[in-house]
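One structure below.
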Amino acid sequence: MDVDRASCAAECEPAAVAASRPAPPIGALDPLPGLVWAFAIDAAACEAVGQQDVERVLRSAGAGDDRSRWIWLHFDLADRRTGDTVIRLIGQARRGGLPVPPTSVVHAFLHLRNPPQLHVDGGNVHGTLADQVIDIDGAKDVSATLQVVVGARLLITGRRMHLLRAEAMRNLARDHRLGDRPARAFETLARMSIDEHSAALQDAARGIDEIEDRVLDDGGAGERGRLGRLRHSLVRTSRDLALLVRLHDRAHREMQRETGMADVSADAPGHAADRGVDFVSLLEHLHQVDGHCIALLDRARSLQEEISNQLTVQTNRQLYVLSILTAMLVPPTIVTGLLGMNTGGLPLTQDATGFWQALGWCLLASVAVLSVLAATGVIDTPDWRRWRLRRGGRGRVARSSRIGHLGAPSSEV
């Protein structure tokens, strides 16, 4: 009994000691709830910043002579504590001398709006963009929203689910390929979406080329389902591109009103890095891809009409054959109907060859109907003369080839 008590005390002692230790302070393990990652980027390097160092980096980013360093903060908007964290970090950035977005932009960032939209307020581009959801199995055919705020030296993004382009931008940041300004990073994000639509259009173009070859070979009737799926995909892509064109065009006009410049592209004379997002270049790229999508839609529509015409011709041909067969079978049906009446005085009832005579009448009736149809031009009569000429030409060619083979000099000694 004493041994059991001693062993129990030895086993329970670590648990009691652990329970008596003071608990870590609240927030020590998660000092910035809702913050997913942070990067400090400049011309020399791109540094991933831990949560314990984010506030220090924000306070020191505006100090010194290096004005090329900018910060990217990415948040999980599904966390209810994210709002307090965003306001807290923006306050630290303001104290550090970084230009921060106004309160209205921060409020719009924290309140998700499902329809995609882009606005310019105080030199900050902000809004909601559509992105593709990813999970452990890869990308899914489900879209979600990505909130963005693009400032002069501060990029803030947020999402509720894991998104494809956000993760791609994170990988670019690790490779120091995100750009020298938040505006360049936003352009990279926008071009990812455009490139995805362009790749989808390339796949659709290859599919349309294959269907077009089948249609030209008069075998496109079996491609109706595939062409329908391609048209549906193209229509969805066209809607997305049209929406992106509207969003970027509106943001471009708002930026022009704020800056008072007609052209804010990177190629404009006297361009400065702080002019913001190059919406002119993005719109040119979007119009190019949108034009490609419209051209593919026209091709798909033309192929759909061609397939419908082929199906109509095929149906007419089948109806034509059925009509000829019906015309051939109607007279024999009349003959058999007359001879099959259960009335007195029917011919051939006592004749031993009556069946064969009735069969001959049926055949003669069918031949008579075919002769009438051929005489009136309803059916085409075979051109026996052309057939004999073609057959004779083949015979002459075969004979001449045999004669040439026999008369050719031998190459063997």
Can you confirm whether segment 149-157 contains a residue that is outside the structural domain of residue 310 (by TED's automatic domain parsing) and surrounded by fewer than 17 Cβ atoms within 10 Å (Cβ to Cβ)? no
Looking at segment 31-129, what helices (runs of 4 or more DSSP H) fall wholly within it and have at least 3 residues that are outside the structural domain of residue 283 (by TED's automatic domain parsing), without any contact (Cβ under 8 Å) to a residue 40 or more places away in the chain and surrounded by fewer than 15 Cβ atoms within 10 Å (Cβ to Cβ)? 82-95, 103-110
In the list 257, 250, 317, which residue meets the criterion of being more than 30 Å from residue 222 (Cβ to Cβ), surrounded by fewer than 13 Cβ atoms within 10 Å (Cβ to Cβ) and at pLDDT 85 or above? 257
When you check residue 376 against the structure, is it of a type outside the set (Lys, Arg), modelled with pLDDT under 85, out of contact with any His (no Cβ under 6 Å at 6 or more places or on another chain) and surrounded by 13 or more Cβ atoms within 10 Å (Cβ to Cβ), yes or no? no
Restricting to segment 338-353, name every residue that is closer than 18 Å to residue 365 by Cα and at pLDDT 85 or above. none
If only one of 165, 174, 206 is under 27 Å from residue 239 (Cβ atoms) and in the same structural domain as residue 47 (by TED's automatic domain parsing), which one is it? 165
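The values are calculated or read from the model by the stated rules, or taken from the named source; none is laboratory data. Quick caveat, the model's predicted, so the values are computed rather than measured. For neighbour counting, all protein chains shown are included, and Cβ atoms are generated from backbone atoms with ideal geometry for every residue, glycine included.
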